[in-house]
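Computed from the coordinates by the stated procedures, all read-outs in this text should not be read as laboratory data. Owing to the predicted nature of the structure, the values given are computational and were not obtained by experimental measurement. Positions of Cβ are backbone-derived with ideal geometry, glycine not excepted, and every protein chain shown enters the neighbour counts.
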Amino acid sequence: MYKLFLRSLISVLFLLGFGLNANAEFKVGFVYVGPTGDHGWTYQHHEGRNAVEALGIKTTYVESVPEGADAERVIRQLAQSGHDLIFTTSFGYMDPTNKVAKDFPNVKFEHATGYKREHSNVSTYSARFYEGRTLLGHMAGKMTKTNTIGYIASFPIPEVIRGINAMTLAAQKVNPNIKTKIVWVFTWYDPGKESEAAQALIDQGADIIMQHTDSTAPVQVAEKAGVWSFGQASDMQRFAPKSILTSIIDDWAPYYVERSIAARDGTWKQQDTWHGLKEGMVAMAPYNSAMGGDLIKEVEQLQKDLASGKAHSFTGPIYDQKGNILVAEGAVADDGMLAGMNVYVKGVEGDIPQ
Amino acid sequence: MSFDLNFIGILIGAIMASSVPLILAASGELITERSGVLNLGVEGMMIIGAISGFALMVVTDNLFLAVIGSMLSGLIISLIFGLLTQSLLTNHVATGLALTIFGIGMSAMIGKNFVGIPGKEFPLLFLNLKESIPFLGPIFFGHSIILYFAFVLPFLTNYFLKKTKTGLIIRAVGDSPTSASNQGINVTLVRYSCILYGGAMCGLAGAYLSLIYTPQWIENMTGGRGWIALALVVFATWSPIKVLIGALIFGGITILQLHMQAVGLRIPVQLLSALPYIMTIIVLVVISRDSRKIKLNTPTSLGQIFYKEK
């Protein structure tokens, strides 16, 4: 009932807001899964939008759009109301984006973290967050005293599983005894639930807290409990100055600027972008000096090697939980395998929820 | 899972902490509903309380003022609901829903300037006792004053409704406003007071979230807890003690399912996530089966608009 009200309210506002001036100047639309004030995932996309806006290009954004039926409505309305390029910034918008793209061949669509490009006007883009996770794993393996790493996971999709695997592989390399404990919260953003999950992991002996969710609640719980943590998507250092070792930062701004200009100038082409540390789409926040200079030097070297291609997050031999070989010795996982990753590597406990 | 006693104590302490906002909001709403007013704006009043408390904490740097302010703001926003439903006689359900939507939007707007500011440490009582007594220590000590208040509140509410004259008047107004009015009771005044009290408690529940539980301001941080509190009142058949039990079960299973995951128990995670909702409803339905008591506790005029005959 309440949702229905909200939906009709949003629809009315949309019709009023954009229905009137359709087909005017060049406009870019953004669809966000959380509020712009989450200080994580959506915040960073919003920073990217601000960079586009700074060029003098008109932009519109809709925040806190649930993945599902609502998403299609919002995307469709943006397309209908004269937006020429639309960024849909969450995995769950994959099917709605492609569905709407079919009906609006003249509008360009950019879907974040997905893999479906069913129509020539849909591009996909993502960042190699797993490279950052490899660095986190290295630090976690060295810093843990209890050999237990707590991981707050959102949804069982390849992106999240890839992160868990990359982190575990890197941690095992420096500390063969580590255990990764995972709690699935089935949300991208619920501060209360995220902090309960963090507390549960800490109570279970984890002294490193990692998250693949978007709020700053887990790092704050870690700070209070006196354990280490890592920020997600954005630099969360000021929320947990003692606890945070570093944060993985998503920097979308250069990509959004480039693609918006291309769409405006008519040079936009369908593509699949997957940028990482090398291109700067994934960046690391300053390292916490509590780690000690030696470890920081190690991590910085590893970061350089990952960026230059000298090191790879998924270098064989890699085994799945049952001991079957996934990547042969000396080989590295190709992008196709990474994109569809749906098994845990050896050393991760538990099953992936189906 | 480690089964040492102290760990179980810590677990129970965590469960108690997570159920506080539900107890506070549900106890407030219970009084409101007992007077015959259905206020679906719990979520909205909570979120307003959360942002007001946090904003006041940042501006004044005084936690006491922040807590009082959050209650006042919950009270003020419920006054809007009171004016609409009691003086202008609008529909309770629609007005309550509007209040929630308004509260969420309004809090996000006020909150824009308070995003990303770390919270302040809220004083916890008897911390040394918590450390020194195994098992019982983490259960009874090391909590905030608001938690202790929340756990006394259902008993006070029960006593108030059953044993005091004011409580009797509230129940009379909720059951039959016309007869109460004929007895010379000012129905509108009673209902106004109950609405304001409910608002203040929801505001406090919100402040607990933004000042103590996750000390920061985040948009939509109540995360549907207001709706759960509303449901608790109904499933607890308007009994304050059962509200307390329901809130503890809900909080308990929420925390336990996270622990079961962390231990790696092979139970489908989706089922675990749904467990708090399922179990709370089942338990409350089972313990509230006595139909005579349900009739006794249910405010018969709930949600109905009262027209005073002139």
At q = 0.18 Å⁻¹, what log₁₀ I(q)/I(0) does region A:148-257 have when each alpha carbon counts as one equal point scatterer in the Debye sum? -0.85
So what is log10(I(q)/I(0)) for chain A at q = 0.07 1/Å, when the Debye sum runs over its Cα atoms only? -0.30
What whole number of Å gives the distance from the Cα centroid of region A:226-278 to the Cα centroid of region A:38-82? 16 Å
Taking 0.36 nm per residue of separation between A:Asp351 and A:Lys99 and subtracting their Cα-Cα distance, the length gained on full extension comes to 87.5 nm
Which of these, A:Thr267, A:Thr216, A:Thr246, has the largest mean-square fluctuation under a Gaussian network model of chain A (Cα springs below 10 Å)? A:Thr267
Quickly work out the B:Ile267-to-B:Ile282 label distance, labels modelled 7 Å from Cα along the C-beta direction, and quote it in nm with one decimal. 1.0 nm
Helix A:253-265 versus the longest principal axis of chain A: what is the Cα-based angle in degrees, 0 to 90, to the nearest 10? 30 degrees
Dimensions of the protein assembly as shown along principal axes (Cα, Å, largest first)? 87, 67, 46
Cα-based Rg then Dmax for region A:92-199, in Å, read 17.7, 56
Placing +1 on the Cβ of each Lys and Arg and -1 on the Cβ of each Asp and Glu in the protein assembly as shown, which of A:Asn324, B:Trp238, A:Gln354 has its Cα farthest towards the positive end of the resulting dipole? B:Trp238
Quick one: work out the % antiparallel among DSSP beta bridges in the protein assembly as shown, nearest 5. 15 percent
Just report the Cα centroid separation between region B:124-169 and region B:252-291, whole Å. 24 Å
Can you tell me which lysines have their Cα less than 23 Å from the Cα of B:Lys308? Leave out same-chain residues fewer than eight positions away. B:Lys165
Listed pairs A:Lys142/A:Lys297; A:Lys179/A:Lys322; A:Lys108/A:Lys278; A:Lys142/A:Lys322; A:Lys116/A:Lys269 exceeding 18 Å between Cα atoms: A:Lys108/A:Lys278; A:Lys142/A:Lys322
Determine one quarter of the surface area of the Cα convex hull of region B:5-223, which equals its mean projected area, and express it in nm² to one decimal. 12.9 nm²
Relative contact order (percent, whole number), chain B, Cα cutoff 8 Å, 6+ residue spacing: 36 percent
Cut-off under 5 Å, modelled amide H: who pairs with A:Gly114 long-range: A:Tyr125
Can you tell me the dipole magnitude for the protein assembly as shown around its Cα centre, using point charges on the Cβ only (Lys, Arg +1; Asp, Glu -1), in Debye to the nearest 20? 1860 debye
In order over region B:190-205: 3J(HN,Hα) from phi, Karplus 6.51/-1.76/1.60, θ = phi - 60°, whole Hz, x for each Gly or Pro, gives 4, 5, 4, 4, 5, 5, 5, 4, x, x, 5, 5, 5, x, 5, 4
Protection proxy ranking of A:84-94, B:235-245, A:319-329 - average other beta-carbon atoms within 10 Å, highest first: A:84-94, B:235-245, A:319-329
Per-residue Cβ neighbour rank within 10 angstrom, fewest leading, A:Asp272, A:Asp335: A:Asp335, A:Asp272
Taking Cα atoms only, helix A:129-143 is inclined relative to the longest principal axis of chain A by an angle, in degrees rounded to 10, of 30 degrees
DSSP loop GluC sites (Glu not before Pro) with at most 11 other Cβ within 10 Å excluded, longest remaining stretch of chain B: B:122-308
Kirkwood hydrodynamic radius (Cα pairs, Å) of region A:263-354? 16.4 Å
Integer Hz, Karplus 6.51/-1.76/1.60 couplings in order for region A:85-96, x for Gly and Pro: 9, 10, 9, 10, 9, 8, 4, x, 8, 4, 5, x
DSSP-assigned coil residues among trypsin sites (Lys or Arg not before Pro) in region A:141-224, each with at most 14 further Cβ atoms within 10 Å: A:Lys145
Which value in Å does the Kirkwood hydrodynamic radius of region B:37-127 take, with 1/r averaged over all unlike C-alpha pairs and then inverted? 14.0 Å
For region A:73-154, just run the numbers: alpha carbon Rg, then divide by 2.2 N^0.38 Å, N being how many residues it has. 1.55
To the nearest 0.05, what FRET efficiency results for B:Gln183 and B:Asn62 with a Förster distance of 41 Å applied to their C-beta separation? 0.40
With label points built 7 Å along Cα→Cβ from the Cα atoms of A:Asp335 and B:Leu168, find their separation and express it in nm. 7.9 nm
Please give every one of the lysines within straight-line cross-link reach of B:Lys120, meaning a C-alpha to C-alpha distance under 16 Å, and leave out same-chain neighbours fewer than 8 residues apart. A:Lys224, A:Lys242
Here region B:110-115 yields Karplus 3J(HN,Hα) values (6.51, -1.76, 1.60; θ = phi - 60°; whole Hz; Gly and Pro given as x) of 4, x, 3, 7, 10, 6
Over chain A, relative contact order from alpha-carbon pairs under 8 Å, at least 6 apart, %: 16 percent
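When you have a sec, figure out the Kirkwood radius of region A:252-298 from all distinct Cα pair distances and drop it here in Å to one decimal? It would help to have the intermediate numbers written out before the result.
On the way: mean 1/r = 0.0742 Å⁻¹.
For region A:252-298, inverting the mean 1/r across all distinct Cα pairs yields 13.5 Å.
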Helix axis angle, B:42-60 relative to chain B longest principal axis, alpha carbon, degrees: 60 degrees
